[in-house]
Each structure stands twice: as C-alpha cells, then as structure tokens.
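Q: Below is the structure I would like to discuss, written out as structure tokens.
Every number in this text was worked out from the coordinates using simple rules, so none of it is lab data. Bear in mind the structure is a predicted one, so any value in this text is a computation, not a measurement. So basically every Cβ, Gly included, is an ideal-geometry build from the backbone, and we count neighbours across all protein chains shown.
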Amino acid sequence: MIGEKGTALKVAIFGGAIIFSFAAFFLIDKKKKKCTKLTLHQPVWVHGKEPLDIIKIARDRFSNGIGIEICQNDIKDFDCQVGGHMAINGRPGVKRLGTSYIMKPVIKDSRGSREVGFYEAVYGGAFNAAFCTLKDFIPLYYGVYCPPDNSYDFLVLSDVTRLYSCPCAMDVKMGTQSFEPDAPPEKRARELIKYPEQKKLGFRITGLRVYNIKQKQHIVVDKAHLPSGNILANLGKGFYDGERLRIPVLKEILAKIKTVLDWFLLQNSLWFVSSSLLLTYEGDPSCPVKTDLKIIDFAHIRNGDSKDTGFILGLQNLIERLETLIENEVYYCSILSSDSTFI
Ligand SMILES: Nc1ncnc2c1ncn2[C@@H]1O[C@H](COP(=O)(O)OP(=O)(O)OP(=O)(O)O)[C@@H](O)[C@H]1O
Ligand SMILES: [Mg+2]
C-alpha cells in the first residue's frame, strides 16, 4: 500500500516536472520573441503618405510638459554641425537651443515624419526590450517644437557635444547605399557617384571637426576634402591633434562601435538607410578621455524583414580600419603630419 502510494507520488512529481519544464520553455521562448520584435507606429511606414498626426502627437508631447521653455534668444546657430544639410534656400540648418539641446528642422515630407515617428516610437511608449537598448545609442528626444511663425517644425534632441569643453566630432554615414530600395533610377545614380567606395566599405565620412593643439583651434573638414580612396588617412584626420593620434580615444570609440555591432547582429526588423554614427570626444588633451557614439538621422529608416547587412558591413569595416590605425600609429602620424590641413 505504502509502496503503491510512493510510486504514485513519484509519477505525479515526475509528470509535474515535465509539465513545468514545458511551460517554462514555452514562456521563455515567447519572452525571447517578444524582446526581439520591434513594432512602430504604423502610419510612419506607409510609403508616400504624410502622417501629420505623428507630427501633431509629437508637438503635443513637447508642449505638454517636458519643461523646456523656448525663448527665441536661446536659439543660436550650431557651430558643431559636421555633416548633413546646412541652412540653404530658406531651409534652416541645425540650431543650438540653450546649452544642452539641438533643434533639427523636420523636412516637410515623409522623411520628416519618418524621423519624428521613429523617435516617437522609441521614446513614446511603443517600445520593448530591444528598443530600450537602442535608446542608449540615440540622442535623447524631447518632442517637436513648432515656432510661432509656423515656418518649420524642429525636432528637439539632446546636444551630444554638450558633454565636452572642446568638442570634436565625426559624422560617418552608414550602409552600402544612401538611397532607399525603391528609389527612382535618377536618385540612385546621383547617390552612387557621391562616394563609389561606399558600396564596398559600408560607410563614408561626411564631415569632421578636430581640435589642433598646435594651432590652438578646431579644424573643420567637409566631405569635399575627404576624398574617396583615402579611408585610413581620412579616419585619422578626425583623431589627429597636430602631434599625435588620440589612441586612448580611438580605443574607447572602438569598444563602443563593437557594442553597436552586437545590437545590429541581433535585430531583424529595421533598416537604417542613410543614418550616421556621430562620433564625439573631448578635444582638450588636459581633460580625461571622454567619448560618445550616437546613431543619428532617421529620415530614411524602414521596416525590414532581415538584418541590416549594409550597416553591419560598415561597422565591421570601420572596426577593422580603426584597429589598423591604432596598430600603425607611427606610420599614420607621419602621413598626417605632412597633410596640408594640419600644417
Ligand atoms: N543630437 C545631436 N547632437 C549634436 N550634433 C548633432 C545632433 N544631431 C545632429 N547633429 C549634427 O548635425 C549634423 C546633421 O544631422 P543629421 O544627419 O541628423 O541631419 P541631416 O543629414 O541634415 O538630415 P537629413 O539627411 O534628414 O536631411 C550631424 O552631422 C551632426 O554634426
Ligand atoms: Mg545626415
């Protein structure tokens, strides 16, 4: 009798354990899936449509209490802009707001609403675990400011360069192509001739600003002076202070790029077409090493159904090139010291 009871108990425990393991496996598996699936506000992704409601939500979010009061006197030109559109034909460039924020004009078509929609999705509650991690790699987002004259809406973001007394910055446009998969042939052709190597490399430098200790001033290099075919020397320019390459800075940035690569190797839902890595660091050599890496520019971001292979290739090549620069410090210093930019 006792033996039968004991056997029945064992069977019950064994059966319970199996059911429990199945349930746990199912739950963990479901949780895993939940964490990697990114979902965005749908209207942003409807091609060709301008979802003004997203912009309106963003404007409301801004005016309803993030606590930034905008005084016209606090809006200045932003002297740390290294890439992207400068002010032209009535379209404003990036502005500085006070000491901690920048304002980026929202382009008045689907590019503008896509970028706003992206920030809204990441910061506005439509996020899950994967989005939470992504937040570490993008600027803080506060909403959309609509000035009294209604001319242009502006995205209000944290100014990444606010961290430094002497900010240095480099804009690295990522991906093997800077046009969307369904771009018309003329757009493709226009983009492809800008920097033919991008297809192979997966990145290109569109501008940089570096502090030169000999000249005691910043040197600004725009894309016209960062020619195709010279990638290591061009990368070096962003980290050469007139006497040496900032190796500890390069090492820290390299580690950050590797973290971003880890994120990209896990996500399968977003293609960051034409986004950039904004690499920044403290240019004052008497200050401790301080660096930052942010992904910026989401005007062409799209839902995808696979990994963003172009961005991944760019990250891998960037890592490899930066490692080469570090390993061959003496050689590249001698090349950069004879570059007319630094003499
Ligand atoms: N959050 C930020 N903090 C500091 N600087 C920034 C920030 N966002 C952008 N910038 C500066 O502004 C430049 C242009 O930004 P961005 O690439 O977003 O605009 P854009 O290329 O003109 O936009 P688009 O391609 O959508 O027209 C960057 O290269 C960088 O120098
Ligand atoms: Mg840009």
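Q: Using Cα-Cα distances under 8 Å and only pairs 6 or more residues apart, what relative contact order does region 138-284 have, in percent?
A: Averaging sequence separation for qualifying contacts and normalising by length gives 32 percent for region 138-284.
Q: Whole-Hz Karplus ³J(HN,Hα) for region 147-152, in order, using 6.51 cos²θ - 1.76 cosθ + 1.60 and θ = phi - 60°, x for Gly and Pro?
A: x, x, 7, 6, 5, 9
Q: Given the convex hull over the Cα atoms of region 242-343, what projected area results after averaging over all orientations, in nm²?
A: 7.5
Q: Does region 283-324 come out rounded, prolate or oblate, given a ≥ b ≥ c as the square roots of the eigenvalues of its C-alpha gyration tensor, rounded meaning a/c under 1.5 and, failing that, prolate meaning a/b above b/c?
A: Taking the square roots of the gyration eigenvalues as a ≥ b ≥ c, region 283-324 is oblate.
Q: Shifting gears a bit: Skipping prolines and chain starts, which residues have an amide H placed within reach, meaning under 5 Å, of the one on Tyr101, given they are 5 or more residues away or on another chain?
A: Asp159
Q: Another question about this same structure. Report ³J(HN,Hα) in whole Hz for each residue of region 234-248, in order, from the Karplus equation J = 6.51 cos²θ - 1.76 cosθ + 1.60 where θ = phi - 60°; Gly and Pro get x.
A: Listing the rounded values in order: 5, 4, x, 4, x, 10, 9, 9, x, 10, 8, 7, 7, 4, x Hz.
Q: Once phi is turned into ³J(HN,Hα) by the Karplus curve 6.51 cos²θ - 1.76 cosθ + 1.60 with θ = phi - 60°, what whole-Hz value does each residue of region 186-192 show in order, with x for glycine and proline?
A: Values, residue by residue: 5, 5, 4, 4, 4, 6, 5 Hz.
Q: Here's another thing I want to ask about it. Once the mean 1/r over all distinct Cα pairs of region 188-317 is inverted, what Kirkwood radius in angstroms do you read off?
A: Evaluated over region 188-317, this radius sits at 16.1 Å.
Q: Same structure, new question: Amide H of Phe78: which non-local residues (sequence gap of 5 or more, or other chain) have their own amide H closer than 5 Å, using H built in the peptide plane?
A: Arg96
Q: On to the next question. Which of Val172, Pro288, Ser306 sits farthest toward the positive end of the charge dipole of region 164-342, with +1 on the Cβ of Lys and Arg and -1 on the Cβ of Asp and Glu?
A: Farthest along the dipole direction, towards plus: Val172.
Q: Restricting the calculation to Cα positions, tell me the Rg (one decimal) and the Dmax (whole number) of region 68-213 in Å.
A: That works out to 16.8, 46 Å for Rg and Dmax.
Q: Taking amide hydrogens as modeled 1.01 Å from N in the peptide plane, which residues meet the under 5 Å criterion relative to Thr176, leaving out close sequence neighbours?
A: Gly310, Phe311
Q: Further question: Please say if region 129-256 is rounded, prolate or oblate, where rounded means a/c under 1.5 for a ≥ b ≥ c the square roots of the C-alpha gyration tensor eigenvalues, and otherwise the choice is prolate for a/b larger than b/c and oblate otherwise?
A: Verdict is oblate for region 129-256.
Q: Quick check on the exposure proxy: order Ser338, Ser113 from fewest to most C-beta atoms within 10 angstrom.
A: Ser338, Ser113
Q: Can you put Cys80, Cys168 in order of Cβ neighbours within 10 angstrom, beginning with the fewest?
A: So the ranking, lowest neighbour count to highest, is Cys80, Cys168.
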